[in-house]
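Report on the following structure.
The values are calculated or read from the model by the stated rules, or taken from the named source; none is laboratory data. Everything quoted here is computed from the prediction, not taken from an experiment. Here Cβ is always computed from backbone atoms with ideal geometry, including for glycine, and neighbour counts include all displayed protein chains. All accessible areas refer to the heavy atoms of the entire protein, side chains included, with ligands and DNA or RNA removed. Shrake-Rupley method; radii C 1.70, N 1.55, O 1.52, S 1.80 Å.
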Amino acid sequence: MDCYKALGNENYLNIAVKNAHFIVNKLWSSEGNLTHTYKNGKPAINGFLEDYAFVIDSFISLYEATFDENWLLHSKNLINYCLDHFYDEKKELFRFTSDLDEALITNHFEIEDNVIPSSNSIMASNLFKLSVYFENSHYEEISKKWFHKSFRRLIIHQLFLIG
């Protein structure tokens with residue numbers, strides 16, 4: 001999508017739409033979950049938070065490029081699935097794996113941005129955008145909590161480096 005937005009080449013948009021349809025038709029189960037891989041005509045491995053975060057972000061970008069509301073509705077369905085199966089209300093963060101996956105020794109919460117933003121950062125951005133599109137105050141509240149926590153972590157980190 002970024003190539004299409006930057007260069008306006010319709011071929012890039014067509015490729016993005018084709019890939020999005022593949023995700024909807026092959027990687028998204030009737031139970032509402034995404035799968036992480038697809039091989040030999042079969043989806044496998046329950047999706048991780050990063051899979052949901054980047055697919056939602058891509059679907060929002062597709063809506064912004066095509067104004068096809070189906071991409072927004074798909075994004076909303078995936079966000080709601082993540083809120084039901086990944087979100088930890090006590091920590092106010094999304095776990096890296098869903099509550100339907102085998103229990104790990106400990107829950108992992110990806111919060112550190114690097115070259116690629118963390119899945120929680122992308123989810124916060126997705127929630128904020130969808131809060132505007134759907135006038136959903138619950139989405140907005142969760143995204144704002146993340147941004148406030150993230151800002152506090154940044155300040156603490158900077159103070160640690162100075163001190």
Every pair of residues 6+ apart whose Cβ atoms lie under 9 Å, when the first sits in region 59-82 and is surrounded by fewer than 19 Cβ atoms within 10 Å (Cβ to Cβ) while the second is basic (Lys, Arg) and at pLDDT below 95: 64/5; 65/5
Just for region 113-133: of the residues that are touching a residue at least 24 places away in the same chain (Cβ under 8 Å) and open to solvent by 60 Å² or more (accessible area, probe 1.4 Å), which one is nearest to residue 98 (Cα to Cα)? 129
Which condition number in (1) touching a helix residue (DSSP H, G or I) at 6+ places or on another chain (Cβ under 8 Å); (2) over 18 Å from residue 142 (Cβ atoms); (3) aliphatic (A, V, I, L, M) is the one that residue 15 fails? (1)
Within region 51-96, residues being among the hydroxyl-bearing types (Ser, Thr, Tyr) and more than 13 Å from the chain's Cα centre (by Cα) number 2
Touching a residue at least 12 places away in the same chain (Cβ under 8 Å) and more than 18 Å from the chain's Cα centre (by Cα), is that true of residue 38? yes
Given the conditions (1) open to solvent by 20 Å² or more (accessible area, probe 1.4 Å); (2) free of Cβ contacts under 8 Å to residues at least 40 places away in the same chain; (3) of a type outside the set (A, V, I, L, M); (4) touching a strand residue (DSSP E or B) at 6+ places or on another chain (Cβ under 7 Å), which single one is not true for residue 86? (1)
Subset tally (residues that are in contact with a Ser or Thr (Cβ under 9 Å, 6 or more places away or on another chain), surrounded by 14 or more Cβ atoms within 10 Å (Cβ to Cβ) and not aromatic (Phe, Trp, Tyr)) for region 20-49: 9
